[in-house]
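The structure under discussion appears below in the form of structure tokens.
The values are calculated or read from the model by the stated rules, or taken from the named source; none is laboratory data. Quantities reported herein were computed from a predicted structural model and do not represent experimental measurements. Positions of Cβ are backbone-derived with ideal geometry, glycine not excepted, and every protein chain shown enters the neighbour counts. Side chains included, ligands, DNA and RNA excluded: accessible areas come from the protein's heavy atoms. Shrake-Rupley method; radii C 1.70, N 1.55, O 1.52, S 1.80 Å.
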Amino acid sequence: MVANKIALVTGGGNGIGRALCRLLARNGARVVAADRVSTSAQETVNSLSNPRSHLALELDVSDKSSVETGIKCIIETFKAPPSLVANVAGITRDFPILQMDERAFTDVIDVNLKGTFLVTQAAVKALVEHGGKDGAIVNVSSISSKGNYGQANYSASKAGVEAFTRTAAIELAKLGVRVNCVMPGFTRTAMVETVPEKVKQQILMITPLKRFGQPEEVAEVIAFLLSDKSSFMTGASVKVTGGM
Ligand code: ADP
């Protein structure tokens, strides 16, 4: 269902993005692992069974020219733009509001929300220019979008991603591009490893499945939303939270 398609995964150097690159590659996609950290992107590609069929890209989603250069590089490599895009790149800079400086706020909004916009816009423009149709985009929101202590910046960015997803779904439907988002709960990635042990125990208490998710479990849902199997879904937000 994703076989032979070109799939761009931002944040592909770690966690959910890396798990998604592996899953898409196993299903026959040509994968572009894009990450701000080029060595991480390269490690992801090196871990795929046929690294030469895939591409590692150094790309900063919050920087318009970096995103545009990245899309050009994909077109040069594969002779076509990506028709599948997963916006997985994300950061946290947690502080209570009264201690949060302006930079911590804008950095998180720039990567998580503006980055999702920039990559979506550049990829869809390229798809249209190449006469492509039938694309799919999956954005990563978060269960934290409902509000979470110490995460005013992150929660706002992820609520924004959800709203952006619904609007993009409405606007891009006429181009044959579906746009959905997943809302992961607590997933075992580097991002969650920074959470204090006491908070982790509290999270487990309110998670019906009584464990954290694995990046692979979130990747499965993203891959489903990227594939034709979800052909009648657009504008949806799918929770992957262990019931939280
Ligand atoms: P998760 O998998 O839960 O989203 P991780 O922290 O494990 O969280 O992975 C996030 C990935 O996003 C990292 O590889 C990180 O380098 C990448 N990333 C962070 N900021 C940017 C950015 N501005 N552009 C591209 N990739 C980024």
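Can residue 106 be described as in a helix (DSSP H, G or I), polar (S, T, N, Q) and either within 13 Å of the ligand (Cβ to nearest atom) or closer than 20 Å to residue 162 by Cβ (or both)? Against the criterion (in a helix (DSSP H, G or I), polar (S, T, N, Q) and either within 13 Å of the ligand (Cβ to nearest atom) or closer than 20 Å to residue 162 by Cβ (or both)), residue 106 qualifies. Show the residue pairs that are 6+ apart or on different chains and have beta-carbon atoms under 6 Å apart, the first residue being within the range 231-244 and assigned to a loop (DSSP other than H, G, I, E, B), the second being of a type in the set (Ser, Thr, Tyr). Listed by first residue and then by second, the contacts come to 242/207; 244/207. Is it true that residue 116 is closer than 14 Å to residue 59 by Cβ, of a type outside the set (Asp, Glu) and either touching a helix residue (DSSP H, G or I) at 6+ places or on another chain (Cβ under 7 Å) or assigned to a helix (DSSP H, G or I) (or both)? Yes; evaluated as a whole, the condition is true for this residue. Can you tell me which residue in the range 119-148 is modelled with the highest pLDDT, limited to those that are open to solvent by 40 Å² or more (accessible area, probe 1.4 Å) and in a loop (DSSP other than H, G, I, E, B)? My answer is 130.
Residue-wise test of (1) of a type outside the set (D, E, K, R); (2) within 24 Å of residue 137 (Cβ to Cβ); (3) assigned to a loop (DSSP other than H, G, I, E, B); (4) open to solvent by less than 80 Å² (accessible area, probe 1.4 Å).
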residue: 181; (1), (2), (3), (4): yes, yes, no, yes
residue: 192; (1), (2), (3), (4): yes, no, no, yes
residue: 209; (1), (2), (3), (4): yes, no, yes, no
residue: 223; (1), (2), (3), (4): yes, yes, no, yes
residue: 229; (1), (2), (3), (4): no, yes, no, no
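Taking residues in the range 40-64 that are among the polar types (S, T, N, Q), and partners anywhere that are outside any helix (DSSP H, G or I), the pairs with Cβ atoms closer than 7 Å and at least 6 places apart or on different chains are 40/13; 40/14; 42/56; 44/12; 44/13; 44/33; 44/56; 53/30.
Reported count of residues in the range 156-179, each being part of a helix (DSSP H, G or I) and in contact (Cβ under 8 Å) with a residue 12 or more places away in the chain, is 16. Please determine whether any residue of the range 189-197 is in contact with a helix residue (DSSP H, G or I) (Cβ under 8 Å, 6 or more places away or on another chain) and of a type in the set (S, T, N, Q). So far as the range 189-197 goes, yes, one or more of its residues are in contact with a helix residue (DSSP H, G or I) (Cβ under 8 Å, 6 or more places away or on another chain) and of a type in the set (S, T, N, Q).
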